[in-house]
Amino acid sequence: MSKPTVLIIGPHGVVGGAIARRMADDDAWDVITASRRGAPAGLNARHLSVDLLDPQALAGVEILGRVTHLVYAAYVERPTMAETTAPNLAMLTHVLDSLTAVGAPLEHVVLIGGGKSYGEHLGAYKTPAKESDPRFLGPIFYNDQEDLLASRADRDGFTYSVLRPDVVIGFSLGSPMNLLNTIGVYASLSKAAGVPLRFPGTAGAWTALHQITDADLLASAVSWALTAEAARGEIFNVTNGDQFRWEHIWEDIANAFNMPTSAPQPMSLVTQMFDKEPAWNALRTAHGLRPIPYGQLTSWQFTDSLWSADFDMVQSTIKIRQAGFPDSLDSHHNIATKLRQLRRDKYLP
């Protein structure tokens, strides 16, 4: 009997990369990945280099006729939320259209959503946010994608799940939403300059309650949702169970770099880190780091946005626990642990 085939859209980001590695390491699956970039390094999978904004990008690709499951983790960044809706909806539409056109025996789709479904990008919202909370007035492309999936599922006979992580922690390059790398580069440059590690966000963000999602935890949730009966037609929040305040974990982050801390100093990292590429290049040479350009490691704008959020950002995980997700939500890596891993792997000094 042939193995099921999962198509993973967006295997290079912090989310898609972890999912692709998890599924490719599972002998129960055949894996196909697709993105504009080339094949992810070291992955046991077939890869399609395509621009999914082109409706014909996947037209007639014969291998798609084997796809039984789809994981959609792609994202296109635009200057405003309104501008993100059309391209992000179009890419999902083009993938589903292409699978239908080649007669793929599609059984289940897992869509990766996020905390923006609760309006966290707009300001304070009801917490802990629950999957049953009513929608807010858009634009928000997650809603459009979910509505598209519901419509196509009814028409074409597949099932689907939506997973909503928040602030995913894991390694990736060139990702528009990457907190881990930017903390690491900021700390490394502060240490090289001989200054203590200061929290650069707002006073409100320093004390507000926050959460993260370990990328490996999310990949595990995807693997479960692909086949679990309890996941069909459902939306689940997926976050680590240990909510935190930056004021309580900042010393742990500094300890990962053997650095002292000092009082927070609100600043724009986009502005403050603009001239630091020569200093980073010097660190890279001195410590024999991997030859990754400064601009591919960092996402100052995203980090500035997160560290200006002076309100609680918490999602309930009761539903996925009750559905029988087998992994613990309370035992995954924290930020300091992940930073130590990046140092051991020579991404950071």
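The values are calculated or read from the model by the stated rules, or taken from the named source; none is laboratory data. Since the structure is predicted, the reported quantities are computational estimates derived from the model, not experimental observations. Methodologically, a virtual Cβ is constructed for each residue, glycine included, from the backbone with ideal geometry; neighbour enumeration extends over all protein chains shown. When the accessible area is computed, the model is the full protein with side chains, heavy atoms only, and any ligands, DNA or RNA have been set aside. Shrake-Rupley method; radii C 1.70, N 1.55, O 1.52, S 1.80 Å.
Looking at V110, V185, V195, V162, which one is more than 29 Å from L7 (Cα to Cα) and either part of a helix (DSSP H, G or I) or within 19 Å of the chain's Cα centre (by Cα) (or both)?
V185
Out of A221, A153, which single residue is hydrophobic (A, V, I, L, M, F, W, C), farther than 18 Å from G13 by Cβ and not in a strand (DSSP E or B)? Before the answer, list the steps.
Values: A221 fails: farther than 18 Å from G13 by Cβ.
Exactly one residue qualifies, and that residue is A153.
Going by what's in this entry, would L92 be described as open to solvent by less than 10 Å² (accessible area, probe 1.4 Å), assigned to a helix (DSSP H, G or I) and either out of contact with any helix residue (DSSP H, G or I) (no Cβ under 7 Å at 6 or more places or on another chain) or at pLDDT 95 or above (or both)?
Yes.
Specify which of the listed residues (G103, G38) is closer than 23 Å to D154 by Cα, of a type in the set (G, A, S) and assigned to a loop (DSSP other than H, G, I, E, B). Quick ask: steps written out before the conclusion?
Working: G38 fails: closer than 23 Å to D154 by Cα.
Going through G103, G38 in turn, the sole match is G103.
Being open to solvent by 30 Å² or more (accessible area, probe 1.4 Å) and assigned to a helix (DSSP H, G or I) is the filter here; which residues of region 69-89 pass it?
M81, A82, E83, A86, L89
Here is a yes/no grid of residues against (1) assigned to a loop (DSSP other than H, G, I, E, B); (2) open to solvent by less than 50 Å² (accessible area, probe 1.4 Å); (3) in contact with a Cys (Cβ under 9 Å, 6 or more places away or on another chain):
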| position | (1), (2), (3) |
| --- | --- |
| F236 | no, yes, no |
| E247 | no, no, no |
| I253 | no, yes, no |
| P266 | yes, no, no |
| R284 | no, no, no |
| S308 | yes, no, no |
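Please enumerate the residues belonging to region 196-222 that are hydroxyl-bearing (S, T, Y) and open to solvent by less than 20 Å² (accessible area, probe 1.4 Å).
Answer for region 196-222, where residues must be hydroxyl-bearing (S, T, Y) and open to solvent by less than 20 Å² (accessible area, probe 1.4 Å): T213, S220.
Quick check on L48: is it buried (at least 22 other Cβ atoms within 10 Å of the Cβ), on the phi < 0 side of the Ramachandran plot and either among the basic types (K, R) or in contact with a strand residue (DSSP E or B) (Cβ under 9 Å, 6 or more places away or on another chain) (or both)?
Numbers: buried (at least 22 other Cβ atoms within 10 Å of the Cβ): no; on the phi < 0 side of the Ramachandran plot: yes; either among the basic types (K, R) or in contact with a strand residue (DSSP E or B) (Cβ under 9 Å, 6 or more places away or on another chain) (or both): yes.
The answer is no for L48.
Can you tell me which residue in region 52-68 is nearest to the chain's Cα centre (by Cα), limited to those that are open to solvent by 20 Å² or more (accessible area, probe 1.4 Å), under 23 Å from M23 (Cβ atoms) and free of Cβ contacts under 8 Å to residues at least 60 places away in the same chain?
By that ranking, first place goes to A57.
If you go through region 125-159 one residue at a time, how many are of a type outside the set (D, E, K, R), in contact with a strand residue (DSSP E or B) (Cβ under 8 Å, 6 or more places away or on another chain) and open to solvent by 50 Å² or more (accessible area, probe 1.4 Å)?
The total comes to 2.
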